[in-house]
1. Given Val279, Ala186, Gly253, which one lies farthest toward the positive end of the charge dipole of the chain, if we put +1 on the Cβ of every Lys and Arg and -1 on the Cβ of every Asp and Glu?
2. What number comes out for the charge environment of Trp130, summing +1 per Lys or Arg and -1 per Asp or Glu over other residues with Cβ under 14 Å away?
3. Can you tell me the dipole magnitude for the range 106-258 around its Cα centre, using point charges on the Cβ only (Lys, Arg +1; Asp, Glu -1), in Debye to the nearest 20?
4. To the nearest 20 debye, what charge dipole does the chain have about its Cα centre, counting +1 at the Cβ of each Lys and Arg and -1 at the Cβ of each Asp and Glu?
5. Relative contact order of the chain: what whole-number percent is it, with Cα pairs under 8 angstrom and at least 6 residues apart?
6. In sequence order, what are the phi-derived ³J(HN,Hα) couplings for the range 173-189 according to the Karplus relation 6.51 cos²θ - 1.76 cosθ + 1.60 with θ = phi - 60°, rounded to whole Hz, with x for glycine and proline?
7. Per residue of the range 130-145, what does 6.51 cos²θ - 1.76 cosθ + 1.60 with θ = phi - 60° give for ³J(HN,Hα)? Whole Hz please, x for Gly and Pro, Karplus curve as stated.
8. How much net charge surrounds Ser213 when only other residues with a Cβ under 11 Å from its Cβ are counted (Lys, Arg +1; Asp, Glu -1)?
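Computed from the coordinates by the stated procedures, all read-outs in this text should not be read as laboratory data. Keep in mind that what you see is a predicted model, and the values were worked out from it rather than measured. Please note: Cβ atoms are built from the backbone with ideal geometry, for glycine as well, and neighbour counts cover all protein chains shown.
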Amino acid sequence: MGNFVLQSGLTLPNAQLAFKTHGTLSAARDNVVLVPTFYRGQHTDAEAMMGPGRALDPGKYFIVVPNMFGNGLSSSPSNTPPPFDRAAFPGVTLYDNVVCQRRLLVEHLGIQRIRLVAGFSMGGQQAFHWGALYPEMVDAIAPICGSARTSPHNYLFLDGVKAALTADAAFADGWYATPPVKGLRAFSRVYAGWAYSQDFFREQEYRKLGLASMEDTVRVMEGRFRARDANDLLAMLWTWQHADISANEVYKGDFAAALSGIRCRAIVMPSETDLYFRVRDNELEVKQMANAELRPIPSIWGHAAGGGANPPDNAFIDAALKELLAH
């Protein structure tokens, strides 16, 4: 991306956007599906949404998966040289991400039209951004367990996990020489209580993942987060906390105008039991969108209902994605 000027006014030198494609671009260049990554996730994690016979079938569609800034593959605290390395990495917004993704599609891949933008969690937030910022390019969006703007309560939840991580003395204000393991473990334990619902644990749904206990579930979560750099996690967390489709020069903070600016077809799929991307937030958003349907996922898996691990939830989501792609 060259020297990319962020919304903050800072220039990120030699900005890098990592991506992977699946399938073949049609001669007419009209079979493009964009799947942005989610919090902590990298492009390989998005493959849980794809497969032969599924809605996102690489045999039919050219699927582009751009990695979010901060995820360890695109420019991140862990891979950026001084002076923007580690704790000095600047705040990158989802607007910044989507602007770069558009450059990837248009300038690098020669794509002018997208059949569908589908994403889970922060990927869903990016889908909302695409619909609002580039309505002329997008035929449909499918935000899954995500919102057009991070709610105050969601922001506070993220402050909680951030506090758990940064309380570790080894974190050293982000200038650690070795990973702050105690902080990462605390972060993971707090996060696990929010990622799944109360009913998920009561009904021992973790057994469907091959796990024997709630503690096993926490350990799996810990493994996922300890595989990431702590500063990378905090960079993505900052991006999440500041997600807002109206926080840009296009809409100048007018959230209602940004929602009404999403003209494409949309099926918005919160999980009925999500503890931080709430159905109510999406309900209020959909009311202000011109061509949108609210379709909650009937699941007790909480936020994880959209993550690709539970076959009934996947089938529900796939049915909606097939509807959007059929038009």
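1. Towards the positive end, the residue furthest out is Ala186.
2. Values: positive: Arg102, Arg103, Arg113, Arg115, Arg263, Arg265; negative: Asp96, Glu136, Asp139.
That sum, taken over residues with Cβ under 14 Å, equals +3.
3. Details: 15 positive and 17 negative charges, 84 e Å.
With only Lys, Arg, Asp and Glu charged at Cβ, the dipole is about 400 debye.
4. Working: 30 positive and 32 negative charges, 60 e Å.
Approximately 300 debye in magnitude.
5. Working: 660 pairs, mean separation 61.2, N = 327.
It rounds to 19 percent for the chain.
6. Result, ordered by residue: 6, x, 10, 5, 8, 10, x, x, 4, 4, x, 5, 5, 5, 3, 5, 5 Hz.
7. With coefficients 6.51, -1.76 and 1.60, one gets 4, x, 7, 8, 10, x, 6, 9, 10, 7, 7, 10, 9, x, 10, 6 Hz.
8. Details: positive: Arg207, Arg219; negative: Glu215, Asp216.
Net local charge, Ser213 excluded: 0.
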